[in-house]
Amino acid sequence: MQRLTNQTMKYIFISFISASFLLACNNADTKATESRDDSVKRAEQVAAASDTANYTSVQWLDSTTQNIGKINEGQVAEVAWHFKNVGDKPLVVVTVIPGCGCTVAEKPEAPIAPGSEGVIKAKFDSKGQGEGVKEKTVNVQMNTKGSASHQLTFRGEVVKK
């Protein structure tokens, strides 16, 4: 078996370190590009929502206050609010912000065309919430006439298993 010289070992070590560094840089560049793309998309949505020429109208197809009934403590309950763009401009849902950490909300990423429908979803994690009636909110920002802010609410009763 041949022994590797110090010179050869140094070459292998430097090659390994260089390859690792290049791979790490490439991964960081990809993440930075994705982050920049998300930032640009977000800036475009905020600009559209703040330009009164782009305001439209929304019709909530479900009540903005919903009852999710009884939930066993520790269960995750889902709720959805359906809406329709009844205006003549694309409807942009800029943000959905849950009122607390026990609720996670998601919004449509693409603008909703005039006459089309969309949905805002939320998941409520009842773990650690204790027994009793709970009322939670989700605040929605849209490019809508009258008020750009919409408050969605749901109620449920957390019970022991």
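Can you pull out every residue in segment 52-69 that is in a loop (DSSP other than H, G, I, E, B) and not β-branched (Val, Ile, Thr)?
Of segment 52-69, the ones in a loop (DSSP other than H, G, I, E, B) are 55, 57, 61-64.
TYR55, SER57, LEU61, ASP62, SER63 - these are the residues of segment 52-69 that are in a loop (DSSP other than H, G, I, E, B) and not β-branched (Val, Ile, Thr).
If you go through segment 116-135 one residue at a time, do you hit one that is touching a strand residue (DSSP E or B) at 6+ places or on another chain (Cβ under 7 Å), under 16 Å from TYR55 (Cβ atoms), in the same structural domain as VAL58 (by TED's automatic domain parsing) and not β-branched (Val, Ile, Thr)?
Kept after step one, since they are touching a strand residue (DSSP E or B) at 6+ places or on another chain (Cβ under 7 Å), are these residues of segment 116-135: 116-126, 129-135.
In the following step, the residues that additionally are under 16 Å from TYR55 (Cβ atoms) were identified as none.
Within segment 116-135 (the criterion being touching a strand residue (DSSP E or B) at 6+ places or on another chain (Cβ under 7 Å), under 16 Å from TYR55 (Cβ atoms), in the same structural domain as VAL58 (by TED's automatic domain parsing) and not β-branched (Val, Ile, Thr)), the answer is no, since none of the residues qualifies.
Here is a check on your reading of the model: is ASN67 modelled with pLDDT of 95 or more and touching a Lys or Arg at 6+ places or on another chain (Cβ under 7 Å)?
Taking the combined requirement at face value, the residue satisfies it.
Looking at segment 129-145, which of the residues that are free of Cβ contacts under 8 Å to residues at least 60 places away in the same chain and under 25 Å from the mean Cα position of the chain (by Cα) is nearest to GLU109 (Cα to Cα)?
The selected residue is VAL140.
Of all residues in segment 103-161, which are in contact with a His (Cβ under 7 Å, 6 or more places away or on another chain) and under 14 Å from ALA80 (Cα atoms)?
Within segment 103-161, GLU117, VAL119, VAL140 qualify.
Assess whether GLY128 counts as being surrounded by fewer than 14 Cβ atoms within 10 Å (Cβ to Cβ) and modelled with pLDDT under 95.
Yes: the conditions hold for GLY128.
Name every residue in segment 108-125 that is assigned to a loop (DSSP other than H, G, I, E, B) and buried (at least 19 other Cβ atoms within 10 Å of the Cβ), in order of residue number.
PRO111
Within segment 112-128, can one find any residue that is among the aliphatic types (A, V, I, L, M) and touching a residue at least 40 places away in the same chain (Cβ under 8 Å)?
Yes, the conditions are met somewhere in segment 112-128.
Any residue at all in segment 79-100 that's modelled with pLDDT of 95 or more, part of a loop (DSSP other than H, G, I, E, B) and loosely packed, with under 12 Cβ neighbours inside 10 Å?
Within segment 79-100, one or more residues are modelled with pLDDT of 95 or more, part of a loop (DSSP other than H, G, I, E, B) and loosely packed, with under 12 Cβ neighbours inside 10 Å.
The values are calculated or read from the model by the stated rules, or taken from the named source; none is laboratory data. A quick note: this is a predicted structure, and the numbers were derived from the prediction, not measured. A quick note on method: Cβ atoms are made from the backbone with ideal geometry, for glycine too, and the neighbour counts reach across all protein chains shown.
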